[in-house]
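In what follows, a single structure is set out as structure tokens and then discussed.
The values are calculated or read from the model by the stated rules, or taken from the named source; none is laboratory data. Please read these numbers as outputs of a predicted model, since none were measured by experiment. Neighbour counts run over all protein chains shown; Cβ positions are idealised from the backbone, glycine included.
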Amino acid sequence: MATRIKKKRSAKKSSRIKAVRKHSFTRQGDFRVYVLECCDGTFYTGHTKDLPARIKLHRSGKGSRYVRSRLPFKLVYTKKYRYFKAAFAEEFRVKGLTRLQKKSLIRKYRLDRRIKRSSNGKE
């Protein structure tokens, strides 16, 4: 019967783990799930803590390879979440939708925004 040999963690790896723990990610705050419509009509879905900075990155071509090759784009959907886990789960759910379902989600979002604006007296 073969015995298992325990491997020692390298010092390099353990220091990297400590660095990640030291600068741990914020799990609370304002997280946003967003959908971009690219120039070829495709949709890109993502999540971020700082939406204006992320949009700026996408516009400069440094946000993602997918969007970089399909500039320009429009921000067509955004939703705010308090917790990272909820935003990440929603991003995963939206990415799994069909194109038709994403269009329906965006249409509903636009309608909700119009209703909200008209009730606030902005239109």
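Between residues in segment 51-72 that are exposed (fewer than 13 other Cβ atoms within 10 Å of the Cβ) and residues that are aliphatic (A, V, I, L, M), which pairs lie under 9 Å by C-beta distance while being six or more apart or on different chains? Matching pairs, first to second residue: Gly61/Val67; Gly61/Leu71. Cβ-Cβ distances below 8 Å connect the following pairs, each with a first residue in segment 98-121 that is farther than 14 Å from Glu37 by Cα, a second residue that is in a loop (DSSP other than H, G, I, E, B), and a separation of six or more residues or different chains: Arg114/Glu123; Arg117/Glu123.
Taking the criterion of being closer than 22 Å to Arg110 by Cα and part of a loop (DSSP other than H, G, I, E, B), the only residue of segment 50-70 that qualifies is Asp50.
The listed residues are Lys122, Lys95, Lys103, Lys116, and the only one of them that is surrounded by fewer than 17 Cβ atoms within 10 Å (Cβ to Cβ), over 13 Å from the mean Cα position of the chain (by Cα), modelled with pLDDT of 95 or more and not acidic (Asp, Glu) turns out to be Lys103. Put simply, of Lys12, Lys22, Lys6, Lys56 the only residue that is modelled with pLDDT of 95 or more and out of contact with any helix residue (DSSP H, G or I) (no Cβ under 7 Å at 6 or more places or on another chain) is Lys56.
Output the residue which, of all residues in segment 73-92 that are exposed (fewer than 13 other Cβ atoms within 10 Å of the Cβ) and part of a helix (DSSP H, G or I), is modelled with the highest pLDDT. Result: Phe92.
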